[in-house]
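A.B. asks: Sharing a structure here in structure tokens format.
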Amino acid sequence: MEDLKNIIKIVGCLVGGLLFFYFYFFILPSRNEDIDKDVLDNCLPLQYDFKVMSFYSDRYYNFEGRTKEGRVVRYKLPRNWSLENVCTEGDSIHKLAGEKELYLIKTDTVIKLALKVHGEGI
């Protein structure tokens with residue numbers, strides 16, 4: 001009888017371990033398709049057209065800028081565009097709603113930045 005209880009405990013531990021393994025590796029993590037869809041849903045409808053007056057970066061790229069109409073605006077751009085060490089004060093940022101590209105317009109060049117997830121373009 002004591003042996004049967006020990007066997008049931010061992011089998012129970014193995015089944016519990018398998019359930020934990022299945023949940024941890026297959027149910028819990030987000031799938032890449034879900035992450036791509038979330039980024040597209042959040043970033044595609046946004047539209048930007050402003051000249052950069054000041055900016056800083058933390059979890060987002062935070063910009064203060066001026067539109068063509070002269071309004072002062074503040075934007076939080078997601079870090080899905082690689083603006084690190086590219087953007088300076090006086091540059092213009094332009095993006096149409098529905099596009100995956102963001103255009104950084106400098107005085108002498110235009111830089112086209114693609115929307116990225118985990119360092120890869122969508």
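The numbers here are math on the coordinates, done by the rules we state, and not lab data. Because the structure is a prediction, the values reported are computed rather than measured. Every residue, glycine as well, gets a Cβ built from its backbone with ideal geometry; the counts of neighbours run over all protein chains shown.
A.B. asks: Where both partners of a DSSP beta bridge lie in the chain, what percent of those bridges are antiparallel, to the nearest 5?
C.D. replies: Looking only at bridges with both residues in the chain, the antiparallel portion is about 100 percent.
A.B. asks: While we're looking at this one, here's another question. What is the count of Lys pairs in the chain whose alpha carbons sit under 26 Å apart, if the two are 8 or more places apart or on different chains?
C.D. replies: Lysine pairs, 8 or more places apart or on different chains, close enough: 28.
A.B. asks: Another one. Among rounded, prolate and oblate, which fits the range 39-98 when a ≥ b ≥ c are the square roots of the eigenvalues of its C-alpha gyration tensor, a/c under 1.5 means rounded, and a/b larger than b/c means prolate?
C.D. replies: Oblate.
A.B. asks: Expected output is a single nm value to one decimal: the length gained when fully extending between Asn42 and Leu28, i.e. 0.36 nm times separation in residues minus the C-alpha distance. What is it?
C.D. replies: 2.8 nm
A.B. asks: Right, another one. Note down the net charge around Arg79, summing +1 for each Lys or Arg and -1 for each Asp or Glu among other residues with Cβ under 13 Å from its Cβ.
C.D. replies: On the way: positive: Arg59, Lys76, Lys116; negative: Asp58, Glu84.
Taking every other residue near Arg79 into account, the sum is +1.
A.B. asks: Also, I was wondering about something else. What distance in nm lies between label points placed 7 Å from Cα along the C-beta direction at Arg79 and Lys5?
C.D. replies: 5.4
A.B. asks: Moving on. At q = 0.11 Å⁻¹, what is the log10 ratio I(q)/I(0) for the range 1-88, with the Debye formula run over Cα points and no solvent?
C.D. replies: Log-scaled intensity ratios, in q order: -0.56.
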